[in-house]
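The values are calculated or read from the model by the stated rules, or taken from the named source; none is laboratory data. Everything numeric here is computed off the predicted structure, so don't read it as measured data. Cβ placement follows ideal geometry from the backbone for every residue including glycine, while neighbour counts extend to all protein chains displayed. For the accessible areas, the whole protein counts, side chains as well, though only heavy atoms, and no ligand, DNA or RNA atoms are used. Shrake-Rupley method; radii C 1.70, N 1.55, O 1.52, S 1.80 Å.
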Amino acid sequence: NAGVTQTPKFQVLKTGQSMTLQCAQDMNHEYMSWYRQDPGMGLRLIHYSVGAGITDQGEVPNGYNVSRSTTEDFPLRLLSAAPSQTSVYFCASSEGMNTEAFFGQGTRLTVV
Amino acid sequence: QQQVKQSPQSLIVQKGGIPIINCAYENTAFDYFPWYQQFPGKGPALLIAIRPDVSEKKEGRFTISFNKSAKQFSLHIMDSQPGDSATYFCAASYYGGSQGNLIFGKGTKLSVKP
């Protein structure tokens, strides 16, 4: 059972470049979310989805887009990378809100 | 912005000691309070969670104490081991809307010395 799989694990981007962080889960969870983790800041919610075709913004959505065309996949797109988006990004899934969230291994992104 | 405030930022204890990490919240609608453990280079993983109908929950060496009136909850690690060295995050959520997602504290880096 793979759980939540994120790719890539590491990425370096130049300012202004775009890219997509991939997230896939094999637990048939309806709820998926993206967090970013910065030193001393904990994990902050970027976007989340309560099911295929439904997404909404979290605490820090600016500069990111998401879509949810299938239950399994929840990609995060950086439209025009900025140094402020240097962070570790975690994807999570859960059976529902207010239940255990399962996290991926993270993507460490550096924007230069 | 609803917050979960976590303290201390870092903690060093000797093997066998009992580290205690505290969290306070503001929103009385929160009804799910998990603790996550994160090792370097890994994603957070659920350690233990409590709902406000109980004041204490134990799982192995880990205990959550919950004080609803004070809006506080804490994690105790009994007989701590070097393998417990990790970053611990408290979180809170309640069902409905975006707040059904977890709101995390800023984390506590625990170091258990041999």
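Ordering A:Met27, A:Met41, A:Met19 by accessible area with a probe of 1.4 Å, largest first, what comes out?
Largest accessible area first, the list is A:Met41, A:Met27, A:Met19.
Comparing B:Lys71, B:Lys42, B:Lys15, which has the greatest mean-square fluctuation in the GNM of chain B with Cα pairs linked when under 10 Å apart? Of B:Lys71, B:Lys42, B:Lys15, the most mobile in the Gaussian network model is B:Lys42. The trypsin sites (Lys or Arg not before Pro) of segment A:1-56 that DSSP puts in a loop, and whose beta carbon has at most 16 other beta carbons within 10 Å, are A:Lys9, A:Lys14. About its Cα centre, segment B:4-113 has a charge dipole of approximately 260 debye under the convention of +1 per Lys or Arg Cβ and -1 per Asp or Glu Cβ, with nothing else charged. When both bridge partners sit in the protein assembly as shown, DSSP labels roughly 90% of those beta bridges antiparallel. Separation of segment B:46-114 from segment A:27-105 is 22 Å, based on Cα centroids.
Excluding ligands, DNA and RNA and using a 1.4 Å probe, chains A and B jointly bury around 1800 Å² of accessible surface, summed across both partners.
Over chain A, Cα pairs under 8 Å with separation of 6+ residues give a relative contact order of 36 percent. Sparse packing (at most 16 other Cβ atoms within 10 Å of the Cβ) combined with a DSSP loop state is found for the following chymotrypsin sites (Phe, Trp or Tyr not before Pro) in segment B:59-114: B:Tyr95. Across chain B, C-alpha contacts under 8 Å between residues 6 or more apart give a mean separation that, scaled by the residue count, equals a relative contact order of 36 percent. Among B:Gln38, B:Gln72, B:Gln14, the residue with the largest mean-square fluctuation in a Gaussian network model of chain B, with springs joining Cα atoms closer than 10 Å, is B:Gln14. Hydrodynamic analysis of the protein assembly as shown uses the Kirkwood radius over alpha carbon pairs. Inserted into Stokes-Einstein at 10 °C and 1.306 mPa s, it gives a translational diffusion coefficient of 88 µm²/s. Contact residues in segment B:32-68 by the 50 Å² criterion (accessible area, 1.4 Å probe, full protein complex versus chain alone): B:Pro44. Legend: residues A:Thr15, B:Thr28, A:Thr110, sorted from most to least accessible area (1.4 Å probe; ligands, DNA and RNA excluded), read B:Thr28, A:Thr15, A:Thr110.
For A:Thr7, A:Thr107, A:Thr20, what's the largest-to-smallest order of accessible area, 1.4 Å probe?
A:Thr7, A:Thr20, A:Thr107
Assuming R0 = 30 Å, what is the FRET efficiency of A:Ala52 and A:Ser18, from their Cβ-Cβ distance, to the nearest 0.05? Working from the Cβ atoms, E equals 0.80. Taking all protein chains as shown and a probe of 1.4 angstrom, A:Ser84 keeps an accessible surface of around 90 Å². Under 10 Å, Cα contacts only: if you run a Gaussian network model on chain B, which one of B:Asp31, B:Asp53, B:Asp79 comes out with the highest mean-square fluctuation? Of B:Asp31, B:Asp53, B:Asp79, the Gaussian network model singles out B:Asp53 as fluctuating most. Positive contributions from Lys and Arg (+1) and negative ones from Asp and Glu (-1), summed over other residues with Cβ under 13 Å from the Cβ of B:Lys113, come out at 0.
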